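The block underneath contains the structure these notes are about, expressed in structure tokens.
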Amino acid sequence: MDLRWLEDFMALARARHFSRAAEAQHVSQPTFSRRIKLLEEAMGTTLIDRQTLPLALTPAGEIFLEFCERATRDVRETRERIQALEEAAESRISVGSTQSLFSHFFQEWVAVSGAADQLQLNLKSTNWLGAQFLDALDDGECELVLCYWHRYLPWRERLTPERYEWLTLGEELLVPVSVADDQGTPRFVLPGSAGQPVPLIAHHPRGFLYSAIEAHLSQSKVQANLLPLNESPHSASIKALVKQGFGMGWLPKRMTEKSEQFGRLVRAGDEQWDIPVDIRLIRLREPRSDDLLTLWKTLEEQHHV
């Protein structure tokens, strides 16, 4: 049943005249009459008493009129609510975030900063890798980027103060973890040996964390003997494979809490294998909205910039 048929019926109930009702609905009278006839066929009853002047509603028509008024009111109110939601969403500041930071940092941070109602995650961003986040800023796909940062990123020189501005929101440690055995000790332990390398669930080379891990290993006084088995762009995927016992991997410390799903994560090496990284919020130097600039000033004050 077309919603226009309900509106036609209410117009006819008001006008009690086909020609005037058709004119009010901006259609020809034959078209209008055909719609009313289709409506009656759909309802399986006569709704209009055409033998009276002016026209009258049948008892069934009176009942149906109540339904039309209720249904069209509900549709109108629903449309208004949806429009209000869309307008609120459009006014929010779009954030691109790595998956692990969104899952284990973003929610708590926005709650503390008081920015929860102003920010909205760009869901596409959880599939972006590395420099794609800056591409998204440049192309207007998001207004803020929440990411890990360190001095070994191969494209770090692209983040120039002439084009971008950033805040360091916190620090994170990448820690080597393995699933525990029945005695609570790690199944896989660094540094391994040439004969028995440690199976590694690695980060994707284009991601934020791969180059930090590679740089740390290259500078370590102790050589790590690793056998990469898999590369993943998401820390959550690495964690899942590590917890299923396929190998060890480096994870943000915030992600290494206990879990009973596959087993408990424990350290796969001591603190010499920990890797510090920053958590940064990045925007274009020239913001696209005054709301973003206002929010940024508030965040600067909170982080004492």
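The values are calculated or read from the model by the stated rules, or taken from the named source; none is laboratory data. Note that the coordinates shown come from a computational prediction; the quantities given were computed from them, not determined experimentally. Heads up, the Cβs are rebuilt from the backbone with ideal geometry, glycines too, and the neighbour counts pull from every protein chain shown.
Just a few scattered comments:
- Verdict on ALA236 being under 16 Å from VAL175 (Cβ atoms), touching a residue at least 12 places away in the same chain (Cβ under 8 Å) and touching a helix residue (DSSP H, G or I) at 6+ places or on another chain (Cβ under 8 Å): yes
- Reported count of residues in the range 171-210, each being surrounded by 15 or more Cβ atoms within 10 Å (Cβ to Cβ), farther than 18 Å from ASN225 by Cα and out of contact with any strand residue (DSSP E or B) (no Cβ under 7 Å at 6 or more places or on another chain), is 2.
- Matching residues, the range 271-305, being at pLDDT 95 or above and assigned to a loop (DSSP other than H, G, I, E, B): ASP274
- Among the residues listed as SER289, SER237, the single one being more than 23 Å from PRO205 (Cβ to Cβ) and polar (S, T, N, Q): SER289
- Condition met for GLU214 (at pLDDT 95 or above, surrounded by fewer than 19 Cβ atoms within 10 Å (Cβ to Cβ) and closer than 30 Å to LEU281 by Cα): yes
- Some residue of the range 89-99 being in a helix (DSSP H, G or I) and closer than 30 Å to LEU173 by Cβ: yes
- Of the criteria (1) within 24 Å of the chain's Cα centre (by Cα); (2) assigned to a helix (DSSP H, G or I), which one GLU157 fails: (1)
- For the condition in a loop (DSSP other than H, G, I, E, B), in the same structural domain as VAL198 (by TED's automatic domain parsing), modelled with pLDDT of 90 or more and out of contact with any Asp or Glu (no Cβ under 8 Å at 6 or more places or on another chain), PHE246 qualifies.
- Every pair of residues 6+ apart whose Cβ atoms lie under 6 Å, when the first sits in the range 25-51 and is over 13 Å from GLU62 (Cα atoms) while the second is in a helix (DSSP H, G or I) and of a type in the set (Ser, Thr, Tyr): GLN29/SER19
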